[in-house]
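The values are calculated or read from the model by the stated rules, or taken from the named source; none is laboratory data. Model, not experiment: these values are computed from the prediction. We place every Cβ from the backbone using ideal geometry, glycine too, and count neighbours over all the protein chains shown.
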Amino acid sequence: MHWNIFGRLIKKEIYDLSLECLGVANTKEKINYAEDVLVSFAIFNHCKTFCFLSEILYYYRYNAESISRCKSLENLKRNANDFLKVIKIMQNFIAHNTCDKRLAKVFVSQAKHEYGILNYHIRERGGVFVYLG
């Protein structure tokens, strides 16, 4: 699943409504990693129509030092912690709101899978594995 929002044009009203519905619009708690998962989840639940273009309108620059590419133990733990926050926010949203349950299941299961991969890399580097059931 591609949940990156860098390649999408989203109406500002939908984006703002999505953050508000998730309860993260005005939060001081920062999520640096997996924020695309959270925002995409909410946006997909609010959109009634989608339009896909085959044109390349955006060029992504690879940065080997970005938080998604740097594999230090500290960075992996921080990223796993952010993924855990995102999973909990999505689960809370699902429990208290009307949403597409099939879509929600896909997003949560994929997020848990990514979280498991991060924990695998943490364990490989001698860190503590945290199981998410």
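If GLY116 passes every condition in (1) modelled with pLDDT of 90 or more; (2) under 23 Å from VAL24 (Cβ atoms) but one, which one does it miss? Checking GLY116 against (1) modelled with pLDDT of 90 or more; (2) under 23 Å from VAL24 (Cβ atoms), the one that fails is (2).
When restricted to residues that are among the polar types (S, T, N, Q) and modelled with pLDDT under 80, segment 1-40 contains 4.
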